[in-house]
Amino acid sequence: MRIACVGGGPAGLYFAILMKGRDPAHDITVFERNPLGVTYGWGVVFWDDLLEQLQASDSATASVIRSNSFRWNGQLLAVEGKQPVHLGGHGYGIGRQRLLNILVERATRLGVRVMFETEIENADRLREADLIVACDGVNSRLRQLGRQQFQTDVVVGRNKYVWLGTTRVFDAFTFAFVPTEAGWIWCHAYGFDRSMSTFIVECSPETWTGLGLDSLADADSIRLLQTLFEQHLEGHPLSTHVRSQGGAPWLNFRTVTNEKWHVDNMVLMGDAAHTTHFTIGSGTRLALEDAISLAARLREETNLPAQLERYEMERRTALSRTQSEARLSAQWFESVPRYIDLDPPQVFALLLERRSPFLPRVPPRTYYRLYRATQGNAALRKLRKWVAPAVKGLYSRASAMRAKRKRLSL
């Protein structure tokens, strides 16, 4: 099979690795618009479940990723002026560029062609390909050209955020909330190697404009953020994107969904197919799971339309709950003033509960009391675990219907 992957991110590279590893006769090319060594972002975060899936799919790649990962321990909530709260557990971070280097090396060793600085403006250049995989990110050019066929919908989030890095290594996944005259501003910070951490700053649009971040130059914006988070940075500087072009853009998160994931011999994968809010840390995992699923379907079926249809159905089902949780998580952070005046242990409990569909509908203190009651009662915990997924499913379907009605009204 002749396969063209448009986009050299984790999804496209890992899919190429799986396909070439299972059948060296496949002719696979990955096209990446950026030069080698240039990427957006800092570190990505994941958990043991992803490592287990990678191990089962391609043990050689999994071994290298595991050995290059930074393990952070627990989660920390710090509300300025109050005692920090720490919770156990662990997760992993890895530099996005390091992850891409690992995947590029593995792909090229297997015989995949990886072509950097190659922009694919439309599918005409790929006419000879049996399969075109559009995995070129949230701004996918190929998806935008077929927007009507894919029935793409984009919902823009309310809060502003900026993706930064710092040389302060956060050993725990840290949420730090800082009050300002313009409102609350906070960070999501986690280490991804022994010398760097990801440092995402988020706030409401009112706080963003109130602090003047809408008009400050990049350097001035960085200096202001360093001052605001001085206590948490411990003297370390903030930096803009690693080896990327441009400055430090403030963004609004865009939730991308598509009614169809494949048209003719073109299929969407990763952020081109779907995005989930960064506050649940699932983007890289979902992209790699897309790659695993598509490779498996292509191996099991012999008819391409059937293969792509089965892949789409499988991933839609798997993503339904995650997308619902991502919307609820984004909503929690868009409602920080609703929770932040509680005692830190209560704030932390509700932060960890942010994926619950009940939380936005119940007064925070009441919800916390119910939460505490279920923690001490095994039967109530079991009932809660049984009811919540069903409610999330209803929430997800209702959100999808609202989005569909919105599209039809345009």
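Results, tabulated for the structure shown:
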{"read-out": "Cα-based Rg of the chain normalised by 2.2 N^0.38 Å, two decimals", "value": "1.00"}
{"read-out": "Length gained when the stretch Arg109-Ser239 is fully extended (0.36 nm per residue, less Cα-Cα span)", "value": "43.5 nm"}
{"read-out": "Dipole magnitude of the stretch 157-251 about its Cα centre (Cβ charges: Lys, Arg +1; Asp, Glu -1), debye to nearest 20", "value": "240"}
{"read-out": "DSSP-defined beta bridges in the stretch 17-139 - what % are antiparallel, rounded to 5", "value": "80"}
{"read-out": "Nearby aspartates and glutamates by direct alpha-carbon distance to Lys260 (threshold 20 angstrom, same-chain neighbours under 8 apart not counted)", "value": "Asp130, Asp136, Asp153, Asp271, Glu289, Asp290, Glu301, Glu309, Glu312, Glu314"}
{"read-out": "Loop GluC sites (Glu not before Pro), the stretch 161-255 (other Cβ atoms within 10 Å of the site Cβ: 14 or fewer; DSSP)", "value": "Glu181, Glu234"}
{"read-out": "Rounded to the nearest 20 debye, dipole of the stretch 1-135 from Cβ charges on Lys, Arg, Asp, Glu", "value": "320"}
{"read-out": "Listed residues Val133, Ile120, Asn101: farthest to the positive end of the dipole of the stretch 90-159 (Cβ charges)", "value": "Asn101"}
{"read-out": "Nitroxide proxy distance, nm - points 7 Å out along Cα→Cβ at Met1 and Asn73", "value": "4.5"}
{"read-out": "Residues of the stretch 99-137 with amide N under 18 Å of the 7 Å Cα→Cβ point at Lys260", "value": "123-124, 131-135"}
{"read-out": "Qualifying aspartates and glutamates (Cα of each under 18 Å from Cα of Lys160; at least 8 residues distant if same chain)", "value": "Glu181, Glu202, Glu206, Asp214, Asp218, Asp220, Glu334"}
{"read-out": "DSSP-defined beta bridges in the chain - what % are antiparallel, rounded to 5", "value": "70"}
{"read-out": "The chain, dipole about Cα centre (Lys/Arg Cβ +1, Asp/Glu Cβ -1), debye to the nearest 20", "value": "1380"}
{"read-out": "Charge tally in the Cβ shell below 15 Å around Thr279, where Lys, Arg are +1 and Asp, Glu are -1, Thr279 excluded", "value": "+3"}
{"read-out": "Two-decimal log10 I(q)/I(0) for the stretch 157-251, as the Debye equation yields it once each C-alpha is a single scatterer, q = 0.19 Å⁻¹", "value": "-0.87"}
{"read-out": "Charge dipole of the stretch 157-251 about the Cα centre (unit charges at C-beta), most positive-ward option of Ser204, Thr180, Thr240", "value": "Thr240"}
{"read-out": "Mean separation of Cα contacts under 8 Å (6+ apart) over length of the chain, as relative contact order %", "value": "18"}
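Each value in this text was obtained by applying a stated rule to the coordinates, not by laboratory testing. Source: prediction; values computed, not measured. Every residue, glycine among them, receives a Cβ derived from its backbone with ideal geometry; neighbour counts consider all protein chains shown.
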